[in-house]
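The values are calculated or read from the model by the stated rules, or taken from the named source; none is laboratory data. These figures come from a predicted structure and were not determined experimentally. Cβ placement follows ideal geometry from the backbone for every residue including glycine, while neighbour counts extend to all protein chains displayed.
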Amino acid sequence: MKAISYGAYGSAEVLEYGELPDPKVGPDSVLVKVRAAAVNPVDWKAREGHLQGGLDAVFPVIPGWDVSGVVVQPGVAVDEFTVGDEVIGYVREDFLSRGTFAEYVAAPVRTLARKPLRLSFEEAAGLPLAGLTAYQVLHRTLRIRDGETVLVHAAAGGVGSLAVQLARHAGCRVVGTASERNHEHVRSLGGEPVEYGEGLAERLRELVPDGFDAAFDTVGGEALRVSADTLAPDGRLASIADREVFSYGGRYAFVRPDAADLARLAELAEQGIVSVHVDRVFPLARAADAYRLNEIGRTRGKIVVTVDWDA
Ligand SMILES: NC(=O)c1ccc[n+]([C@@H]2O[C@H](COP(=O)([O-])OP(=O)(O)OC[C@H]3O[C@@H](n4cnc5c(N)ncnc54)[C@H](OP(=O)(O)O)[C@@H]3O)[C@@H](O)[C@H]2O)c1
């Protein structure tokens, strides 16, 4: 099969497009014919070697954990899916090895859910990792409740844009940081946009004088400090980007594959409650360019690569 892979840690230059053996399908997995795979910042952080010790590489590594596609072969123990089912997945295992930037991926069923019919394959590929992160942080780590006021950083990004929609759906008032060019987009998701940078804490205090009930830091550094400074006295703080959160009494979260959570997200997408904005689409062969673009840090929604099966 055709796939993107790398044989050593490094910049986007280490990515190669070429032939690799088709994946083998274990009893609890299905072989997915990939239609689209989404870019996540963790892919390039892992490629640069920053996850070593917690998530080690078995080279050659195929990057990517997000996927949408069609089941072509269920493993012998699988009765959840059959040939022809359209699925989405956050296909993370305990090592970096067989990712989703390929024509086929063997995906454990614990990482999968049915693809929402309402979403295109491109949109659906952007849902799993970012959506699960937003869902698990809001509902498990922060335990948001109806009527609360929630701060979401990088509200136009992959995780932030889903967090805004999920928190709104939970009945919260949501304030989201974004640059001016993304303010209309954040409003369209149901959030109140606020420009980040100098004076952010003051702008947030003006909008929410009593402080936030919950703050979701997706940026780290200054964004984390401002989050801690603008919390209500009993407010809760979570970060997915900066372990310094512990020093503010908050919690750090790392997203886990969870079939039930993913099915819930798919249901919300099917009902039109959450949507995925696709910023740019690249062919699989140009995955390195897709990663370079994400590394700039200005993605609105998701960047996606697609496999063209008609070519
Ligand atoms: N721990 C975990 O489980 C976990 C899971 C998922 C993601 N993450 C991490 O969380 C971070 C966000 O992930 P993502 O997928 O949402 O990234 P992303 O989609 O690439 O984020 C891009 C967005 O960040 C915004 N942005 C950049 N700097 C900002 C700042 N200082 N304040 C507010 N917004 C800013 C940009 O908005 P503008 O263009 O408007 O500036 C852009 O919309 C990454 O570091 C990622 O590795 C961790």
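Miscellaneous remarks
- Strands (runs of 3 or more DSSP E) within the stretch 72-154 that include 3 or more residues in contact with a helix residue (DSSP H, G or I) (Cβ under 7 Å, 6 or more places away or on another chain): 86-90, 112-114, 149-152
- Residue count for the stretch 182-241, restricted to those that are within 25 Å of Val278 (Cα to Cα) and assigned to a strand (DSSP E or B): 6
- Failed item, numbered, when His139 is tested on (1) away from the ligand (no atom under 16 Å from the Cβ); (2) without any contact (Cβ under 8 Å) to a residue 40 or more places away in the chain: (1)
- Looking only at the stretch 21-45, and only at residues there that are assigned to a loop (DSSP other than H, G, I, E, B) and within 14 Å of the ligand (Cβ to nearest atom), the one that is surrounded by the fewest Cβ atoms within 10 Å (Cβ to Cβ): Asn40
- Single unsatisfied condition, Gly131 versus (1) surrounded by fewer than 23 Cβ atoms within 10 Å (Cβ to Cβ); (2) closer than 26 Å to Arg251 by Cα; (3) more than 9 Å from the ligand (Cβ to nearest atom); (4) modelled with pLDDT of 95 or more: (1)
- Qualifying residue in the stretch 160-170 (condition: near the ligand (Cβ under 9 Å from one of its atoms) and touching a strand residue (DSSP E or B) at 6+ places or on another chain (Cβ under 8 Å)): yes
- Residue match in the stretch 50-64 (condition: in contact (Cβ under 8 Å) with a residue 60 or more places away in the chain and either away from the ligand (no atom under 15 Å from the Cβ) or surrounded by 16 or more Cβ atoms within 10 Å (Cβ to Cβ) (or both)): yes
- Within the stretch 282-305, residues that are in contact (Cβ under 8 Å) with a residue 24 or more places away in the chain and hydrophobic (A, V, I, L, M, F, W, C) reach partners that are within 11 Å of the ligand (Cβ to nearest atom) and part of a helix (DSSP H, G or I) with beta carbons closer than 7 Å, at six or more positions or on different chains, in the pairs Ile303/Leu293; Ile303/Asn294.
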